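The values are calculated or read from the model by the stated rules, or taken from the named source; none is laboratory data. Model, not experiment: these values are computed from the prediction. A quick note on method: Cβ atoms are made from the backbone with ideal geometry, for glycine too, and the neighbour counts reach across all protein chains shown. We work out accessible area using only protein heavy atoms, side chains counted, and drop any ligands, DNA or RNA first. Shrake-Rupley method; radii C 1.70, N 1.55, O 1.52, S 1.80 Å.
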Amino acid sequence: MEIIIDIEDTVPLFTQLMDQIKKAVLNDQVRPGDALPSIRQLASDLELNNKTVAKAYRLLERDSVIQTKGYRGTFIHPDARANSANDLNAWILARLDKTIGALRDSGVTDSEIRIAFGNVMNNRNY
Amino acid sequence: MSDNILFNIAFLGQVLLLSRYFPWKMLGRMKHVFATYPPSDYPRLYPRPFEYYQHAQHNYRVINRWIHIAGLILVAILFITPRSGEWDGAIATWFFMVQFIPLLRLDISSFKYFRLMREANSRSTRKAELHRRRLPDFISPFFLGLAVLTYIAFVFFIIYVKQFDFPWFGGYVNIAAMTVMNLVFAGMIAWSIYGKKLNPHQAHADRLRQIGLSVKILVFVSIAATVFIMLHVTLAAMELREYQPVVQTLYYQLLAVVCYQAYRIDHTNFDVYKEDAVAT
């Protein structure tokens, strides 16, 4: 199974990596329990920074697509297939779209929504 | 006297094998690559002007020819000069080092060659296999176990010989030297498996094959070096020192046979060096 990264693509490198690993799971190119390359190996092969691959692995682990078993390495999660189908970005967009729609219906302006969103994201008191 | 003649013949073998046969094979491979994969069709193979590589090939031929001639003269001198033979081992070793200079030059220049390849690589896409590389993928556990067992046997052998207090025996320095060598080899194996890909165009299958070859060569050299030292010490302990230079030159020839395997190109995929080749 090959991973192809385009360094000139507008999609962040870690996202490209995550998407392709999820796609590999969904296409049965990798199966639960399969060993994944180490962060260092993948970063070295793709000529990426270790932190980029580590970030992709961390987020995939959060989504239960992969699991790290200490010194033994990183493996495909037993529930990876089901979890790979969940598109967290699509879910976020849908939730935000619904919330923003409700706020607009209440008469809140886009500018007020942006400021409020920024404040919430920055954990400010409002 | 007979052991002198034996050494002379074995040393002639070293001269012919390392400065005539293998360079001739290498030059044949270079010639084949230049003719079959010209810069017009395989531009990525030549990050510098083609003349540069022809010049490098010419230099390699000339240097080897001079070493070959020097070696033959040395063999002739050895044949006609009566001697005790105490310097034969040193002659074999020093000449072996000289014989390896052209290959060493090629190896060192290959780092620069791959750096230029990486700098010239304008592709924005990069590929990697989603498969973990591990040592057992490249060498059988049997060979690996054999290397470990040979090292352990060597340690016990040195401890055993140390009891006899031979004045010429280095003692535990042998264990230290062999341990350092094996650690360096282990580092080189780790680097070849997990390290950076030097050639940006190399096909995945070629890379795996190259890693496998490097690992096997290093493990084999480790075993051979350990056995060689044990044999060397045994010959000295049995008062058969006159045969040491013969064993030494045969050992160098064996090393050369093994090391030259790293330069085989039989299954190399050269399509990746075409202008329109997809990223590897």
On protein heavy atoms with a 1.4 Å probe, the accessible surface that disappears when A meets B, both sides summed and given to 100 Å², is 2100
Per the 1/(1 + (r/R0)^6) rule, R0 = 41 Å and r from the Cβ atoms of B:A120 and B:W66, FRET efficiency to 0.05 is 0.80
When chain B is treated as a Gaussian network with springs between alpha carbons less than 10 Å apart, the largest mean-square fluctuation among B:A128, B:A225, B:A35 is found at B:A128
Spelling it out for A:S38: with amide H atoms placed in the peptide plane at 1.01 Å from N, the residues 5 or more places away or on another chain with amide H under 5 Å from its amide H are B:R133
Any lysines whose Cα falls less than 17 Å from that of A:K23, other than same-chain ones fewer than 8 residues away, would be B:K127
For B:R134, A:R114, B:R115, the accessible-area ranking with a 1.4 Å probe, largest leading, is A:R114, B:R134, B:R115
Helix B:88-120: inclination vs chain B longest Cα principal axis, degrees, rounded to 10, gives 20
Highest GNM mean-square fluctuation among A:A85, A:A43, A:A102, for chain A with Cα springs under 10 Å, belongs to A:A102
In whole Hz, the Karplus estimates of ³J(HN,Hα) for segment B:190-202 (6.51, -1.76, 1.60; θ = phi - 60°; x where Gly or Pro) are 4, 5, 6, 7, 9, x, 5, 6, 6, 8, x, 9, 4
Answer in debye to the nearest 20: the dipole magnitude of segment B:1-123 about its Cα centre, from +1 Lys/Arg and -1 Asp/Glu charges placed on Cβ, is 620
Diffing segment B:140-150: the Karplus 3J(HN,Hα) column from phi (6.51, -1.76, 1.60, θ = phi - 60°), in whole Hz with x for Gly and Pro, holds 6, x, 4, 5, 5, x, 4, 5, 5, 4, 4
Diffing segment B:247-256: the Karplus 3J(HN,Hα) column from phi (6.51, -1.76, 1.60, θ = phi - 60°), in whole Hz with x for Gly and Pro, holds 4, 4, 5, 5, 5, 4, 5, 5, 4, 5
Reported to the nearest 10 Å², B:W24 has, with a 1.4 Å probe, an accessible area equal to 140
Under a Gaussian network model of chain B whose springs join Cα atoms within less than 10 Å, the largest fluctuation of B:F114, B:F166, B:F79 belongs to B:F166
Per the helix-only model, the protein assembly as shown has a calculated mean residue ellipticity at 222 nm (DSSP H runs of ≥4, -39500 (n - 2.57) each, divided over all residues, rounded to the nearest 500) of -22000 deg cm²/dmol
As straight-line cross-link partners of B:K112, the qualifying lysines (C-alpha separation under 17 Å, not fewer than 8 residues apart within one chain) are B:K196, B:K197
Here the longest stretch of chain A that holds no GluC sites (Glu not before Pro) in a DSSP loop having at most 15 other beta carbon atoms within 10 Å is A:48-126
